[in-house]
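Chemist: Here's a structure for you.
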Amino acid sequence: MNQDIPETQRQVLLSRYPEGVPETSDFELAEGTVPRPDEGEFLSRTLYLSLDPYLRGVISGRHLYAERVQPGDVMPGRTVAQVVESRHPDFAPGDIAVCSNGWQEYGLSAGAIDLRKLDPDAAPVSTGIGILGMPG
């Protein structure tokens, strides 16, 4: 593995389904392995995480377009991330992308329909999950 990429990472897992308003005890800070990209994938380091209202529906099972998160799963979430290792033809180390790393420091992407590269000269990259992203 690239010596600048750690072997482990911090992740936030759903520990149980919330009853009412989510509380800190409904989540768990865990240590997980940093995955390696296969052909057609890239590994990116999360820079910004969007905490969108749809997540409440995802953890309660009431969201129409996303599967329910199961206890023990990494919490899902849209991110702005920097590519650190790539085996994807359209993304190189250093590129900034909007992807779905979830609530963890590193994640794999394979070019899903909701994946897009950002131009840091066009606007602050944080806007990719804000005003220039899905919620905007």
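Chemist: Quick one: is Arg87 more than 15 Å from the chain's Cα centre (by Cα) and either at pLDDT below 90 or closer than 21 Å to Gln11 by Cα (or both)?
Modeler: no
Chemist: Then there's this: Within segment 52-61, restricting attention to residues that are surrounded by 10 or more Cβ atoms within 10 Å (Cβ to Cβ) and assigned to a loop (DSSP other than H, G, I, E, B), which residue is modelled with the lowest pLDDT?
Modeler: Within segment 52-61, the match that is modelled with the lowest pLDDT is Gly61.
Chemist: Is it true that some residue in segment 35-51 is in contact with a Ser or Thr (Cβ under 8 Å, 6 or more places away or on another chain), surrounded by 13 or more Cβ atoms within 10 Å (Cβ to Cβ) and more than 22 Å from Ala110 (Cα to Cα)?
Modeler: No, the conditions are met nowhere in segment 35-51.
Chemist: Okay, moving on. Filter segment 30-51 down to the residues that are out of contact with any strand residue (DSSP E or B) (no Cβ under 6 Å at 6 or more places or on another chain) and over 23 Å from Arg87 (Cα atoms) and list them by number.
Modeler: If the condition is that a residue be out of contact with any strand residue (DSSP E or B) (no Cβ under 6 Å at 6 or more places or on another chain) and over 23 Å from Arg87 (Cα atoms), then Ser50, Leu51 are the ones that fit.
Chemist: Quick one: in segment 1-34, which of the residues that are polar (S, T, N, Q) and modelled with pLDDT under 95 is surrounded by the most Cβ atoms within 10 Å (Cβ to Cβ)?
Modeler: Ranking the qualifying residues of segment 1-34, first place goes to Asn2.
Chemist: Would you check if there is a residue in segment 99-111 being of a type in the set (D, E, K, R), part of a loop (DSSP other than H, G, I, E, B) and touching a residue at least 40 places away in the same chain (Cβ under 8 Å)?
Modeler: The answer is yes, given that some residue of segment 99-111 is of a type in the set (D, E, K, R), part of a loop (DSSP other than H, G, I, E, B) and touching a residue at least 40 places away in the same chain (Cβ under 8 Å).
Chemist: Same structure, new question: I need the full set of residues from segment 77-94 which are part of a loop (DSSP other than H, G, I, E, B) and either buried (at least 19 other Cβ atoms within 10 Å of the Cβ) or touching a residue at least 60 places away in the same chain (Cβ under 8 Å) (or both), in order please.
Modeler: Gly77, Arg78, His88, Phe91
Chemist: Those residues that are among the acidic types (Asp, Glu) and within 11 Å of Arg116 (Cα to Cα), I need them from segment 73-98; list them, please.
Modeler: Within segment 73-98, Asp90, Asp95 qualify.
Chemist: Mind counting the residues in segment 111-130 that are over 14 Å from the mean Cα position of the chain (by Cα), exposed (fewer than 15 other Cβ atoms within 10 Å of the Cβ) and closer than 16 Å to Ser50 by Cα?
Modeler: 1
The values are calculated or read from the model by the stated rules, or taken from the named source; none is laboratory data. Fair warning: this is a prediction, and the values are worked out from it, not measured in the lab. Here Cβ is always computed from backbone atoms with ideal geometry, including for glycine, and neighbour counts include all displayed protein chains.
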